[in-house]
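The values are calculated or read from the model by the stated rules, or taken from the named source; none is laboratory data. Keep in mind the model is a prediction, meaning the values are calculated, not measured. Glycine also receives a Cβ, built like all others from the backbone with ideal geometry; neighbour counts cover every protein chain displayed.
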Amino acid sequence: MAITAAQVNELRKLTGAGMMDCKKALEEANGDMVAATEILRKKGLASLAKRAGREAREGVIDSYIHAGGKIGVLVEVNSETDFVARSEDFKQFAHDVALQIAAGNPSYVTREEVPENVIEKEMEIYRAQAIAEGKPDNVLDKIAAGRLEKFYQQVVLMEQPFVKNPDITIKDYLGEVAAKLGENIGVRRFVRYELGETL
């Protein structure tokens, strides 16, 4: 049975599990949402959403230097316990995130961090573009909202396709690692330097 993207998204919303895990569970359950949820719960992936409220104050600051010292990244990745912060999976995730920031050049960690005035300005530009393309007035907002989603995928770290596996986003990858480690983890902040860039 072919599993649709809509089914995968629905299961993700219900369980908080990663995209690939949801797809595999749905395939295993022949598209049955209830059975797929059970499969994920048995694997411990569905409990990710429940962990989200727990504070993550431990962690590491990781760095990545790229292109012969032309790009440098520092990123703070948090976990609930020092035990998890010292694990190889956690360290690998932190390093992959630093690599992602070097390659993807995001401006924000989550879409909630994007200032309202930036969103308004982008929406204004997208509406103007749609008008210039001759789109009817009744679909301008819908077109602008669709283009805003693409904007988020460019500037928001969590929404970017993972450079090592573009089939998943950084948010999906974080979900998979958190499920494996059994703790709430998160990216708190980052700074990216590029040689010669204007401040």
Test set (1) touching an Asp or Glu at 6+ places or on another chain (Cβ under 9 Å); (2) assigned by TED's automatic domain parsing to the domain that holds Lys164 - Ile131 fails condition number | (2)
Residues being in a helix (DSSP H, G or I) and crowded, with 18+ Cβ neighbours inside 10 Å: count how many of those fall in the range 9-23.
-> 7
For the range 64-173, list the helices (runs of 4 or more DSSP H) that sit wholly inside it and hold at least 2 residues that are under 23 Å from Met20 (Cα atoms); which are they?
-> 88-104, 140-155
Scan of the range 61-93 for residues that are β-branched (Val, Ile, Thr), in contact (Cβ under 8 Å) with a residue 40 or more places away in the chain and touching a strand residue (DSSP E or B) at 6+ places or on another chain (Cβ under 6 Å), ordered by number | Ile71, Val73, Val75, Val77, Thr81
Could you tell me which of the residues Leu157, Leu181, Leu148, Leu140 is surrounded by 14 or more Cβ atoms within 10 Å (Cβ to Cβ), closer than 19 Å to Ser63 by Cβ and not small (Gly, Ala, Ser)?
-> Leu157
Which condition breaks for Phe190 when tested against (1) crowded, with 18+ Cβ neighbours inside 10 Å; (2) part of a helix (DSSP H, G or I)?
-> (2)
